Every structure is written in structure tokens, then in C-alpha cells.
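Colleague: Before anything else, here's the structure in question.
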Amino acid sequence: MRRAFVLSGGASLGAIQVGMPQALFERGIAPDPVVDTLAGAINGAYVSSREPTVETAEGLGEIWRGLRRDSVFPANPLTGFIGFIGRSDHLVPDSGLRRLIRGGS
């Protein structure tokens, strides 16, 4: 039987997704495919790139517990203003999120 893990988006709501793989891994259930979007895509990439163990889920939980909004989405009034008036395609720089994905914090 194939089992899919489905992880949705939702920014910081991605943190609550940690419990699902942990509970399933505790029961020896591993995903065949992982289907994800947005914050779930980051979680899905983490889970898919490692062994399906409780330690993997715990590692993902540690990452979420260590995050702070300013380290991932650093607010900058000037950058926000420039984006707001349409002179840029973003309100918040992507540097913090890129650092997180590369494995830094």
C-alpha cells in the first residue's frame, strides 16, 4: 500500500506539521510520495531527504523551535516601502529564507 504525506502551506503553521511525521515514523509508517506546498515544501524536502525516523522529525522540530521571524523574514522599512510603491517585487528580502533552506539559521 502506498502512503503519501501531504504537507500544506501556511508560513509558521508549518511548525505544527512536525507532529504528523513524528507520529507516523513512531509507528513505522514512511511516505512513498511527499506532496507539499509553501512551508510544507520546506518540511517535505527535509523529511524526504533523510531516513524516515523519529530523529528526523525531531530534527525538523528543532529547526522550527529555533526560528525567529526576523531571522527568516527580516523587516526593513525602506525595502517594504519600495515594494509597497511598486518599485520592487517584494516587501521583505528573501535572504533569510534562502539561508534557512541552505541549512543555516
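The values are calculated or read from the model by the stated rules, or taken from the named source; none is laboratory data. Source: prediction; values computed, not measured. Reconstructed Cβ throughout: ideal geometry from the backbone, glycine too, with neighbour counts over all protein chains shown. For the accessible areas, the whole protein counts, side chains as well, though only heavy atoms, and no ligand, DNA or RNA atoms are used. Shrake-Rupley method; radii C 1.70, N 1.55, O 1.52, S 1.80 Å.
Colleague: Is there any pair linking a residue in region 10-23 that is closer than 11 Å to residue 65 by Cα to one that is among the aliphatic types (A, V, I, L, M) and open to solvent by less than 70 Å² (accessible area, probe 1.4 Å), with Cβ under 7 Å and at least six apart or on different chains, and which?
Modeller: 18/57; 18/60
Colleague: Does any residue in region 39-52 that is closer than 17 Å to residue 100 by Cα and among the small types (Gly, Ala, Ser) come within less than 6 Å, Cβ to Cβ, of a residue that is part of a helix (DSSP H, G or I) and open to solvent by 10 Å² or more (accessible area, probe 1.4 Å) six or more places away or on a different chain, and which pairs are these?
Modeller: 39/11
Colleague: Additional query: Identify, by number, the condition in (1) modelled with pLDDT under 90; (2) open to solvent by less than 80 Å² (accessible area, probe 1.4 Å) that residue 59 doesn't meet.
Modeller: Against the list (1) modelled with pLDDT under 90; (2) open to solvent by less than 80 Å² (accessible area, probe 1.4 Å), residue 59 comes up short only on (1).
Colleague: Right, next: Is it the case, given these coordinates, that residue 3 is more than 21 Å from residue 73 (Cα to Cα), touching a Gly at 6+ places or on another chain (Cβ under 9 Å) and open to solvent by 40 Å² or more (accessible area, probe 1.4 Å)?
Modeller: Details: more than 21 Å from residue 73 (Cα to Cα): yes; touching a Gly at 6+ places or on another chain (Cβ under 9 Å): no; open to solvent by 40 Å² or more (accessible area, probe 1.4 Å): yes.
The answer is no for residue 3.
Colleague: Please tell me if residue 19 is more than 12 Å from the chain's Cα centre (by Cα) and at positive phi. I'd like the intermediate steps shown before the answer.
Modeller: Numbers: more than 12 Å from the chain's Cα centre (by Cα): yes; at positive phi: no.
So residue 19 fails the test.
Colleague: Ok, one more. Restricting attention to region 46-91, which residues are under 21 Å from residue 27 (Cα atoms) and among the aliphatic types (A, V, I, L, M)?
Modeller: Scanning region 46-91 gives 47, 54, 57, 60.
Colleague: Please work out which one of (1) touching a Lys or Arg at 6+ places or on another chain (Cβ under 6 Å); (2) in a helix (DSSP H, G or I); (3) at pLDDT below 90 is the condition residue 32 fails and give its number.
Modeller: Checking residue 32 against (1) touching a Lys or Arg at 6+ places or on another chain (Cβ under 6 Å); (2) in a helix (DSSP H, G or I); (3) at pLDDT below 90, the one that fails is (2).
Colleague: Same structure again: Any idea which residue in region 63-73 is farthest from residue 21 (Cα to Cα), counting only those that are more than 12 Å from the chain's Cα centre (by Cα) and exposed (fewer than 15 other Cβ atoms within 10 Å of the Cβ)? Reasoning before the result, please.
Modeller: Of the residues in region 63-73, the ones more than 12 Å from the chain's Cα centre (by Cα) are 66, 68-71, 73.
Those still in the list that are exposed (fewer than 15 other Cβ atoms within 10 Å of the Cβ) too: 66, 68-71.
On the way: 66: 19, 68: 23, 69: 24, 70: 27, 71: 25 Å.
Selected residue: 70.
Colleague: Let me ask something else about it. Where residues in region 74-91 are open to solvent by 60 Å² or more (accessible area, probe 1.4 Å) and closer than 29 Å to residue 44 by Cβ, which of them is modelled with the lowest pLDDT?
Modeller: Ranking the qualifying residues of region 74-91, first place goes to 75.
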